[in-house]
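Written out below as structure tokens is the structure these notes cover.
Since every read-out is calculated from the coordinates, none of them should be taken as a lab result. Computed from a predicted structure; not experimentally measured. Here Cβ is always computed from backbone atoms with ideal geometry, including for glycine, and neighbour counts include all displayed protein chains.
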Amino acid sequence: MYNRIVLLRGIGMPGLIGIDFGAINIKTGYLKRGKVHFVKDEYGSDNLENVVFISKRGDIYIGKSAVEKSMWNSRNVVEDLKDNLKFTGSYLLNGKRYSSADLVSVIFKKIKDIYERISGNRDVNSFISIPPINPLEASCLLYKAALDSGFKNVSLLEEYMAAYYYFLDKFPENGKVVLLLDFGGGGIRASVMVRREPLPEVIFAIYDRTVGGRQIDQKVTAYLVKKFYNNTLIDLMKEPFGYRKLLFESRKAKESLSYSNRVNINIPFISANANGAVHFEEKLTRYELEELIAPLIKRTLLKLRAEMVKYGIRVKDIDEVFLTGGSSVIPFFVREIENMFTFSKLIVDNTGKTVSNGLMVFKNISTAGHVITASRSYGIETYMGEYYPVIGKGEILPVVKRVSVTTVRDFQRAVKVKIYSGDKKRARNNDFLEAVELRDIKRARRGEPTIDLYFFIDMNGRLKVLVHDLDTGRLKNVYFNSNKKEIDFGSFKGKPNLKVSSYAG
């Protein structure tokens with residue numbers, strides 16, 4: 001059994017940072033003299049708000065400065081990046097389109113610049129958490145954005161696995177059942193796992209996006225807007241500045257109510273009427289907050305209980321419960337968990353830094369060789385029939401790698417990409433997995449089209465391939481597993497992605 005404290009006393013990884021890409025805040029940890037420290041922004045906070053603002057001149061603001069700018073212009077701000085980690089779609093900001101990858105890359109570039117200033121290290125590698133929303137596409141997009149922002153090497157790990165490694169030294173002996181509850185800004189993820197080495201056995205995992213910290217903030221804000229309207233007949237829902245100011249004050253109030261029973265919210269000059277300026281002065285009690293969020297949390301716990309019944313897990317079968325995430329400190333949530341799991345030992349870490357810490361712990365463990373690695377290489381056949389490995393044998397899982405391909409003839413109308421597994425120089429001497437055939441591609445000179453292929457192997461060794469047509473933006477997903485290869489082309493509006501080549505560039 002690995003001990004977290006001993007691991008963190010190691011020499012660490014110079015130039016390595018662990019990024020917890022949260023829905024509300026982004027936390028970035030790094031090792032210094034055997035301890036995990038956190039990157040702080042220009043305001044001295046280790047919480048970098050996951051907010052991007054584009055000014056009329058095209059200037060890009062990140063974090064708290066973006067929040068402040070967005071108070072006066074709520075149309076050119078993006079706050080839902082984690083929920084929309086997709087290659088398709090874009091944001092129209094001040095007349096210019098930005099993809100999710102573009103904006104994430106800007107955030108990563110700022111994190112990298114801050115770390116370089118405080119460390120003096122220009123050779124920076126990143127370790128990024130994979131969110132539970134659309135993990136294949138999100139993983140590939142985060143990988144691309146990190147490379148575009150200048151990171152030398154990029155590794156990824158599922159959020160719940162990072163939290164697992166953070167709590168590793170607190171876990172019971174092998175065979176015991178653990179419930180990990182991550183109550184973050186984007187939702188609640190519940191994972192029931194059995195302690196194994198080197199990887200836990202995940203019995204099931206659910207993710208409820210309806211009860212995250214951001215959703216609670218919105219619910220509290222709507223409640224306060226209604227109270228304000230009843231007193232003043234001013235609807236802040238129709239006033240972008242007033243609403244956004246109240247939204248961020250509601251978040252502070254929610255956090256304060258985890259430690260006090262009542263909080264006063266005072267916002268001067270929030271609006272105006274015929275009599276002049278109007279100030280916002282309201283109180284919010286813990287009882288009112290719990291009345292608002294109780295139905296959301298109880299609904300999630302009912303889903304958890306139903307899933308446990310489905311898998312034949314009784315409440316008393318859970319040996320330990322771990323609570324993490326920024327919202328796990330909410331007293332009502334903790335009480336509900338205590339009442340539900342009376343047989344279990346409850347361990348709470350509400351610092352919001354669990355995932356960042358876990359990323360660094362996992363990297364230390366991987367250095368010692370106590371991880372799962374790819375047993376074979378995976379790649380494609382080139383135009384000349386040679387085997388081009390994309391993921392090499394021995395890569396630490398999970399792993400994402402990208403290769404760009406193009407056409408080999410002028411005005412080529414159809415292409416085929418053959419996926420192989422093995423170590424031989426000639427493709428035909430390796431194990432053939434699947435051929436992805438693409439028809440009706442755009443007429444163009446050879447070498448002009450560019451298509452990215454992302455190979456992703458998760459912690460369980462399952463291979464997934466995502467094909468991204470840079471010309472049309474369309475995607476195609478190919479899934480494999482250890483027993484039987486399966487292809488799922490997904491559903492698309494219009495024609496599917498039909499633009500790739502058999503030449504590895």
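Expressed as a rounded percentage, what relative contact order does the chain have, with Cα pairs under 8 Å and six or more residues apart?
Numbers: 1058 pairs, mean separation 61.9, N = 505.
Rounded, it is 12 percent for the chain.
Mind putting a number on the dipole of the chain about its Cα centre? Charges go on the C-beta only, +1 for Lys and Arg and -1 for Asp and Glu, and I need it in Debye to the nearest 20.
Details: 79 positive and 57 negative charges, 215 e Å.
For this selection, approximately 1040 debye.
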Along the stretch 212-218, Karplus-curve 3J(HN,Hα) (6.51, -1.76, 1.60; θ = phi - 60°) to the nearest Hz, with x for Gly and Pro, reads x, x, 5, 5, 5, 4, 5
With +1 on the Cβ of every Lys and Arg and -1 on the Cβ of every Asp and Glu, the dipole magnitude of the stretch 138-247 about its Cα centre, in debye rounded to the nearest 20, is 440 debye
Taking N as the residue count of the chain, its alpha carbon Rg divided by 2.2 N^0.38 Å gives 1.05
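When the expected Rg is taken as 2.2 N^0.38 Å, what fraction or multiple of it is the alpha-carbon Rg of the stretch 346-426? Mind dumping the intermediate values first?
Numbers: Rg = 19.4 Å, N = 81, 2.2 N^0.38 = 11.7 Å.
Taking N as the residue count of the stretch 346-426, the ratio is 1.66.
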Square roots of five times the C-alpha gyration tensor eigenvalues of the stretch 123-177, ordered largest first and given in whole Å, equal 28, 14, 6
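Report D for the stretch 213-290 in µm² per second (integer): Stokes-Einstein, Kirkwood Rh on Cα pairs, 4 °C, 1.567 mPa s.
Values: Rh = 12.6 Å.
The Stokes-Einstein estimate is 103 µm²/s.
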Note to self: C-alpha centroids of the stretch 339-394 and the stretch 95-149 sit apart, in Å, by 18 Å
Taking a crude spin-label model, label points 7 Å out from Cα along the C-beta direction, the Glu255 to Arg117 distance in nm is 2.1 nm
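At 0.36 nm per residue, and after removing the present C-alpha to C-alpha distance, how many nm does the segment from Asp471 to Glu42 gain when stretched out fully?
On the way: separation 429, 0.36 × 429 = 154.44 nm, distance 3.80 nm.
Taking 0.36 nm per residue and subtracting the Cα distance, the gain is 150.6 nm.
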To the nearest 10 degrees, the tilt of helix 331-340 (Cα long axis) against the first principal axis of the alpha carbons of the chain is 70 degrees
Within the stretch 52-85, the residues whose backbone N lies under 19 Å from a label point placed 7 Å from the Cα of Met237 along the Cα-to-Cβ direction are 74-75
With only helices counted (DSSP H, runs n ≥ 4, each -39500 (n - 2.57)), the per-residue ellipticity at 222 nm for the chain, to the nearest 500, works out to -9000 deg cm²/dmol
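Only sites in a loop by DSSP and with at most 12 other Cβ atoms within 10 Å count here; which chymotrypsin sites (Phe, Trp or Tyr not before Pro) in the stretch 249-300 make the cut? Mind dumping the intermediate values first?
Values: sites: Tyr259, Phe269, Phe280, Tyr287; in loops: Tyr259.
Of the chymotrypsin sites (Phe, Trp or Tyr not before Pro), the ones in loops of the stretch 249-300 whose Cβ has at most 12 other Cβ atoms within 10 Å are Tyr259.
Work out, step by step, the length gained on full extension between Ala306 and Lys283: first 0.36 nm times the residue separation, then minus their alpha carbon distance; give nm to one decimal. Mind showing how you got there, number by number?
Values: separation 23, 0.36 × 23 = 8.28 nm, distance 3.73 nm.
Using 0.36 nm per residue and subtracting the Cα-Cα distance, I get 4.6 nm.
Stick to Cα atoms and the Kirkwood definition of Rh, then tell me Rg/Rh for the stretch 82-122. It would help to have the intermediate numbers written out before the result.
Details: Rg = 13.4 Å, Rh = 11.7 Å.
Rounded to two decimals, Rg over Rh is 1.14.
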Each label sits 7 Å from Cα toward the beta-carbon; between Arg97 and Glu68 the label points are separated, in nm, by 3.3 nm
The aspartates and glutamates whose Cα lies under 18 Å from the Cα of Lys393, excluding any fewer than 8 residues away in the same chain, are Glu381, Asp423, Asp431, Asp458
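Name the longest site-free stretch of the chain, where the excluded sites are GluC sites (Glu not before Pro) in a DSSP loop with no more than 15 other beta-carbon atoms within 10 Å. Don't jump to the answer; show the numbers that get you there.
Values: sites that count: Glu42, Glu173.
The longest such stretch corresponds to 174-505.
Can you pull a Stokes-Einstein diffusion coefficient for the stretch 304-459 at 20 °C (1.002 mPa s), Rh from Kirkwood over Cα pairs, as a whole number of µm²/s?
Working: Rh = 20.2 Å.
This corresponds to a translational diffusion coefficient of 106 µm²/s.
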Once normalised by the length of the stretch 1-145, the mean sequence separation of its alpha carbon contacts under 8 Å that are 6 or more apart gives a contact order in percent of 23 percent
Expected vector for the stretch 94-108, Karplus 3J(HN,Hα) from phi with 6.51, -1.76, 1.60 and θ = phi - 60°, integer Hz, x for Gly and Pro, equals 6, x, 10, 8, 10, 7, 4, 4, 4, 6, 5, 4, 5, 5, 4
Rg/Rh over Cα atoms for the stretch 4-161, Kirkwood Rh, comes to 0.97
In this structure, among Lys82/Lys110; Lys27/Lys110; Lys64/Lys283, pairs with alpha-carbon gaps over 20 Å are Lys64/Lys283
Between Asp410 and Thr373, the two model label points (7 Å from Cα along the beta-carbon direction) sit apart by a distance in nm of 4.8 nm
